[in-house]
Amino acid sequence: MPVFVDGDLTLWESRAILAYVGETTGRLRPATAAERAEALKWLLFLSQHIMPSAGAVALRIRARVRGIPADEAVIARGEKALPDPIRVVEDHSRKTGGCWVPSSAWWIAPIARSST
């Protein structure tokens, strides 16, 4: 689990850390409030709709690496749930020329997607 300490502040959620770094440095975030809200929407969508299902599917790989039985029921639920939110991202990406975060700035949402 990542931990970030800045003075008296200690953060332990990776997406909160990314948002804090973006806000406090003025980097890694879109310039306008509307762009930040749009990017935050995608960050939250990723956290709520993609990562739980993707994590469930990844249990099969973790089980193989660790040499333990996989919970196929959990994996099956992840496999069933993942296509719909992936389709939302793909549809948006097609509409925006391949950019799923609607900003020219490299922001925390793509970093979060890549790091989890």
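The values are calculated or read from the model by the stated rules, or taken from the named source; none is laboratory data. Every value quoted in this text rests on a predicted model; they were computed, and no experiment measured them. Methodologically, a virtual Cβ is constructed for each residue, glycine included, from the backbone with ideal geometry; neighbour enumeration extends over all protein chains shown.
Observations, loosely collected:
- All of (1) part of a loop (DSSP other than H, G, I, E, B); (2) modelled with pLDDT of 95 or more hold for ILE75 with one exception: (1).
- Criterion applied to ALA34, ALA19, ALA54 was being without any contact (Cβ under 8 Å) to a residue 24 or more places away in the chain and either closer than 26 Å to PRO85 by Cα or part of a loop (DSSP other than H, G, I, E, B) (or both), and the one residue passing it is ALA34.
- Which listed residue is in a helix (DSSP H, G or I), among the aliphatic types (A, V, I, L, M) and crowded, with 17+ Cβ neighbours inside 10 Å, from LEU43, LEU59: LEU43
- Search result, residues across the range 79-92 that are assigned to a helix (DSSP H, G or I) and either within 14 Å of LEU46 (Cα to Cα) or in contact (Cβ under 8 Å) with a residue 60 or more places away in the chain (or both): ALA81, PRO83, ASP84, PRO85, ILE86, ARG87, VAL88, VAL89, GLU90, HIS92
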